[in-house]
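Chemist: What follows is a structure written as structure tokens; I'll ask about it next.
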Amino acid sequence: MERPAWAPRSIDITVPSVSRMYDYYLGGSHNFEVDREAARKAMEFMPGLPKVMQANRAFMRRAVRFAVSEGVTQFLDIGSGIPTFGNVHEVAQAADLEARVMYVDRDPVAVAHSKVVLEGNDRADVLAADLREPRDILGSDEVGRLIDLNRPVALLLVAILHFVEEADDPYGAVAELRGALAPGSMLVLTHATYEGIPLPPERAEGAVDVYRDMRNPLIMRTRDEIARFFEGYDMVEPGLVPMPRWRPDTAPEDEDPYAFSGLAGVGRTA
């Protein structure tokens, strides 16, 4: 397989990547055949996966605009993935030119491509780091330069926590991040769940198995388990709901049934 110029030499292009599969679902071009093959295999069980990812991205855009409207103009997007059209910095800076965005991802392709996209934008940057190590993120020079932790920050954990296993203490990581943020900060979160998927759970499990085989287990948590991530936050109306039902721009009834395959919410600290 020929390595494209944008792909860092350090990555193994024979192994599928969650972030590159996500890019493929959204119609992006920064993915390899191995990623497309894995994504197509998952879609054999859940053909509506692209609709799920589109609903996820649409929620993120609405949440970012909401945060800016509430006076929060700093964004820490962990597990940001490969930036495609309509990403956080584009939405936030369209609403407020002074908005600052710090992307964080552990995927070298996501980081490399983000650097290219953000070149010349002095109010946005990317950091190679892992959600499971919050101190590495909070103590980094990049975050220190761009984000003032004494002012409210919108922490984005969009489609990332369902890739963190219980053994890696996802609740502890989220709590540590919350503890470092100023009052008035927000948590913007989406998470996979069997609730709302228009398929029998045993069929949806086939798609989950694809990620498990990649050694990137997809953890399908319950509503109560997802709600635990918001401990210490006051939920913003309408609470923890299917993605299309969070402050929709259009009638949720018009959405594809697969768009409801996942829960979304925004919380704010006092």
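Chemist: List pairs: first residue in the stretch 163-190 and of a type in the set (Lys, Arg), second residue open to solvent by 40 Å² or more (accessible area, probe 1.4 Å) and at pLDDT 95 or above anywhere in the structure, Cβ distance under 7 angstrom, at least six positions apart or on different chains.
Modeler: Sorted first by the residue in the stretch 163-190, then by its partner, the pairs are Arg178/Gly232.
Chemist: Still on this model: Does Glu237 count as open to solvent by 60 Å² or more (accessible area, probe 1.4 Å), under 17 Å from Arg62 (Cβ atoms), at pLDDT 95 or above and out of contact with any helix residue (DSSP H, G or I) (no Cβ under 7 Å at 6 or more places or on another chain)? Talk me through it step by step, then tell me what you get.
Modeler: On the way: open to solvent by 60 Å² or more (accessible area, probe 1.4 Å): yes; under 17 Å from Arg62 (Cβ atoms): yes; at pLDDT 95 or above: yes; out of contact with any helix residue (DSSP H, G or I) (no Cβ under 7 Å at 6 or more places or on another chain): yes.
Taking the combined requirement at face value, the residue satisfies it.
Chemist: Still on this structure: Would you call Lys41 under 20 Å from Asn87 (Cβ atoms), basic (Lys, Arg) and open to solvent by 50 Å² or more (accessible area, probe 1.4 Å)?
Modeler: No, not satisfied.
Chemist: Grab the helices (runs of 4 or more DSSP H) fully contained in the stretch 137-229, keeping just those with 3 or more residues being at pLDDT 95 or above and open to solvent by 40 Å² or more (accessible area, probe 1.4 Å). It would help to see each step written out before you state the result.
Modeler: Numbers: elements: 141-146, 170-180, 201-213, 223-227.
Helices (runs of 4 or more DSSP H) meeting the threshold: 141-146, 170-180, 223-227.
Chemist: Continuing with the same structure: Looking at the stretch 220-270, which of its residues are closer than 19 Å to Leu49 by Cα, among the acidic types (Asp, Glu) and within 19 Å of the chain's Cα centre (by Cα)?
Modeler: none
Chemist: Are any residues in the stretch 110-131 surrounded by 15 or more Cβ atoms within 10 Å (Cβ to Cβ) and either within 15 Å of Ile78 (Cα to Cα) or without any contact (Cβ under 8 Å) to a residue 24 or more places away in the chain (or both), and if so, which ones? I'd like the intermediate steps shown before the answer.
Modeler: Here is the first cut: in the stretch 110-131, the residues surrounded by 15 or more Cβ atoms within 10 Å (Cβ to Cβ) are 110-114, 117-118, 123-131.
Passing the criteria: Ala110, Val111, Ser114, Ala124, Asp125, Val126, Leu127, Ala128, Ala129, Asp130, Leu131.
Chemist: Identify the residue in the stretch 92-109 that is open to solvent by less than 20 Å² (accessible area, probe 1.4 Å) and modelled with pLDDT of 95 or more and, among all such residues, is nearest to Asp12 (Cα to Cα).
Modeler: Across the stretch 92-109, the extreme among qualifying residues is Asp105.
Chemist: Consider only pairs whose beta carbons are under 9 Å apart and that are at least six residues apart or on different chains; among these, list those whose first residue lies in the stretch 142-158 and is closer than 21 Å to Met60 by Cα and whose second residue is small (Gly, Ala, Ser) and open to solvent by 50 Å² or more (accessible area, probe 1.4 Å).
Modeler: From the stretch 142-158, the pairs are Pro152/Gly71.
Chemist: Would you pick out the residues in the stretch 37-81 that are β-branched (Val, Ile, Thr) and free of Cβ contacts under 8 Å to residues at least 12 places away in the same chain? Break it down stepwise before answering.
Modeler: Kept after step one, since they are β-branched (Val, Ile, Thr), are these residues of the stretch 37-81: 52, 64, 68, 72-73, 78.
Hits for the stretch 37-81: nothing passes.
Chemist: If you go through the stretch 67-91, how many residues are open to solvent by less than 30 Å² (accessible area, probe 1.4 Å), within 22 Å of Ala270 (Cβ to Cβ) and touching a strand residue (DSSP E or B) at 6+ places or on another chain (Cβ under 8 Å)?
Modeler: Total satisfying the criteria: 6.
The values are calculated or read from the model by the stated rules, or taken from the named source; none is laboratory data. A quick note: this is a predicted structure, and the numbers were derived from the prediction, not measured. Please note: Cβ atoms are built from the backbone with ideal geometry, for glycine as well, and neighbour counts cover all protein chains shown. Side chains are part of the model used for accessible areas, which takes the heavy atoms of the whole protein and leaves out ligands, DNA and RNA. Shrake-Rupley method; radii C 1.70, N 1.55, O 1.52, S 1.80 Å.
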